[in-house]
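Below: the structure, in structure tokens.
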Amino acid sequence: MNINKENITHIHELLIENMQLRLNKYYEHNGFIDGKPYENTLESLVDTILHTNTIADINDVVIEYSELFDSNNGDDENIFTLEGTMNYVLSESLEYYSRFKHKSLYRPEFN
């Protein structure tokens, strides 16, 4: 499923933010990924995310960086399927929207 150009930039930003948080947490507990230091892994991750255009592409990124997802966490349980990846992207988008929509509704300085 292709993602339209208006949304892909926002999805890239959300994925980079979420995956960087996951990467930080992973490095705090485990150190290196495949022998690469944090900066190299982050640079590679961001570059890979910026080249995604479809849910299948995003699923490939999720699978490539599978160690960043906790299989014991119910939310990450089915993330390695296309449907699971689509739900992951939607949940991140809705969380972002909820966070900032609330601010703009109730705080006039954000309008």
Qualifying positions in segment 34-69 - touching a helix residue (DSSP H, G or I) at 6+ places or on another chain (Cβ under 8 Å) and of a type in the set (V, I, T): T41, V46, T48, I49, T52, I55, I58, V61, V62
Residue ID - modelled with the lowest pLDDT, chosen from residues in segment 89-105 that are polar (S, T, N, Q) and surrounded by 11 or more Cβ atoms within 10 Å (Cβ to Cβ): S104
Residue list for segment 1-27, filter: exposed (fewer than 12 other Cβ atoms within 10 Å of the Cβ) and in contact (Cβ under 8 Å) with a residue 24 or more places away in the chain: M1, N2
Which listed residue is over 20 Å from N7 (Cα atoms) and modelled with pLDDT under 75, from E39, E77: E77
Residues satisfying the stated conditions in segment 28-55, i.e. hydroxyl-bearing (S, T, Y), over 25 Å from E83 (Cβ atoms) and either touching a residue at least 12 places away in the same chain (Cβ under 8 Å) or in a strand (DSSP E or B) (or both): Y38, T41
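The values are calculated or read from the model by the stated rules, or taken from the named source; none is laboratory data. Everything numeric here is computed off the predicted structure, so don't read it as measured data. Positions of Cβ are backbone-derived with ideal geometry, glycine not excepted, and every protein chain shown enters the neighbour counts.
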